[in-house]
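Worksheet: one structure, shown below.
Only the coordinates and a few stated rules stand behind these numbers; no lab work does. Here the structure is a predicted model, which means the values were calculated and not measured. Virtual Cβ from ideal backbone geometry, glycine too; neighbours counted across all protein chains shown.
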């Protein structure tokens, strides 16, 4: 088994992400331009607990149903980088304080080598706190107020671009929102493709009101679930109290103990098509979560 450091060096040399400039047309597709595909996989038991101690021989990587030779495998507990996105749009007026508490809860679970940044989004996207491994939070977060429209997709896209420049190979986007998007320049698919290209797992926390039973709430929850499931993350419903704290503890544990698998695709066509990814484990009764695929580069 190669060490994480040798794997990281190899990945830096062979893997590059092509992130289109933020603010361009929505039909720009985020593509992976690479001879190596890197996949972070979370393996859970029947109780949803992280499973450690698996070996490379127990894993199989498939692309479009075809088995791929695994080039590198990492199972060590590894630091991660995360971007926390706080929805402060008008629809969150009564729940900004809850989103703030959720962000503080997540920071409290960081380990010494984990880094996290906090951004707020409404009609615009603004930095609250730059990447730091501190559990302390900037005082400005207590001045946040809900106002304006919602650019959720643009915020996810921006977070992906930020993470693509981080040295950590395990990356996450934590979304605290009701899922409603009213003003983004980017589509949800463009934002999702950006996260996939940056190898970032999206965890979405539903901040909608429990009293809201409108079709809009279901639509927002559907958007949050899509971000999570297609990137290999999880959707957390109705956060609050001990349940929310437990959810964040599990997310931090999961991110630090993922399995990182790299393979050289046997399909070398530069056709710009979506390639599905599936990771299998020979041990029965386990649930594997990972991103669903990536968009291949396209020759000009």
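Given the convex hull over the Cα atoms of the range 186-274, what projected area results after averaging over all orientations, in nm²? List each step's numbers first, then the result.
Working: hull surface 31.2 nm².
Approximately 7.8 nm², given one-decimal rounding.
How high is the relative contact order of the range 80-256, in percent, with contacts defined as C-alpha pairs under 8 Å that are six or more residues apart? Intermediate results must be reported in sequence, preceding the final value.
Details: 372 pairs, mean separation 43.7, N = 177.
About 25 percent, as a whole number.
Taking the range 80-256 as the region of interest, what is the percent of Cα-Cα pairs per 10 angstrom bin, listed from the shortest bin to the one with the maximum distance?
The percentages, shortest bin first, are 11, 44, 38, 7, 0.
Would you calculate the separation in nanometres between label points at residue 62 and residue 46, each defined as 7 Å from the Cα along the Cα-to-beta-carbon direction?
Distance between the two pseudo-spin positions: 2.4 nm.
Sorted by packing (mean other beta-carbon atoms within 10 Å per residue), highest first, where do 134-141, 83-90 land? Let's see the in-between values first.
Values: 134-141: 13.1, 83-90: 24.4.
Ranking, from highest mean packing down: 83-90, 134-141.
Looking at the range 80-256, what % of its DSSP beta bridges pair antiparallel, to the nearest 5?
Values: 5 of 28 bridges.
The answer is about 20 percent antiparallel.
State the antiparallel share, in %, of DSSP beta bridges confined to the chain, rounding to the nearest 5. Mind showing how you got there, number by number?
On the way: 34 of 57 bridges.
Once the DSSP bridges in the chain are tallied, antiparallel ones form about 60 percent.
What FRET efficiency would be calculated for the residue pair residue 147, residue 286, taking the C-beta separation as r and a Förster radius of 35 Å, to the nearest 0.05? Each step should come with its number before you reach the end.
Working: r = 45 Å, r/R0 = 1.28.
After rounding, the FRET efficiency stands at 0.20.
In whole angstrom, and with the biggest value first, how far do the Cα coordinates of the chain range along each principal axis?
The principal-axis extents, from largest down, are 51, 44, 35 Å.
Using alpha-carbon pairs under 8 Å, 6+ residues apart, how would you state the relative contact order of the chain in percent? Before the final figure, lay out each step's value.
On the way: 678 pairs, mean separation 85.1, N = 300.
It comes to 28 percent, rounded to a whole number.
Which FRET efficiency value, to the nearest 0.05, is calculated for residue 237 and residue 300 with the Förster distance at 41 angstrom and r the Cβ-Cβ distance?
Values: r = 44 Å, r/R0 = 1.07.
It comes out at approximately 0.40.
Distance between the C-alpha centers of the range 108-139 and the range 146-168? Whole Å please.
12 Å
Using only DSSP helix segments of four residues or longer, with each worth -39500 (n - 2.57), what per-residue ellipticity at 222 nm results for the chain after dividing by its residue count and rounding to 500? Don't skip to the answer; put the middle values down first.
On the way: 6 runs with 79 residues, N = 300.
My calculation for the chain gives -8500 deg cm²/dmol from helical runs alone.
Which value, to two decimals, describes the C-alpha radius of gyration of the range 68-164 once divided by 2.2 N^0.38 Å?
1.23
Can you compute the FRET efficiency between residue 211 and residue 126 using 1/(1 + (r/R0)^6), with r the Cβ-Cβ distance and R0 = 41 Å? Round to the nearest 0.05.
On the way: r = 29 Å, r/R0 = 0.71.
After rounding to 0.05, the efficiency reads 0.90.
Just order 183-190, 53-60, 199-206 by mean Cβ neighbour count inside 10 Å, highest at the front, would you?
199-206, 183-190, 53-60
Cut-off 16 Å, label point 7 angstrom out along Cα-to-Cβ of residue 138: give me the residues of the range 94-113 whose amide nitrogen falls inside.
100, 103-104, 107
Taking one equal scatterer on every alpha-carbon of the range 54-123, how large is log10 of I(q)/I(0) by Debye at q = 0.14 1/Å?
The Cα Debye sum returns log10 ratios of -0.69.
So how long is each side of the range 112-187 along the principal axes, counting just the alpha-carbon atoms, biggest first, in Å?
Reported extents, whole Å, longest axis first: 37, 28, 17.
Could you sort 91-101, 277-287 so that the peptide with the highest average Cβ count within 10 Å comes first and the rest follow in order?
Working: 91-101: 18.5, 277-287: 13.8.
Per-residue mean Cβ counts within 10 Å order the peptides as 91-101, 277-287.
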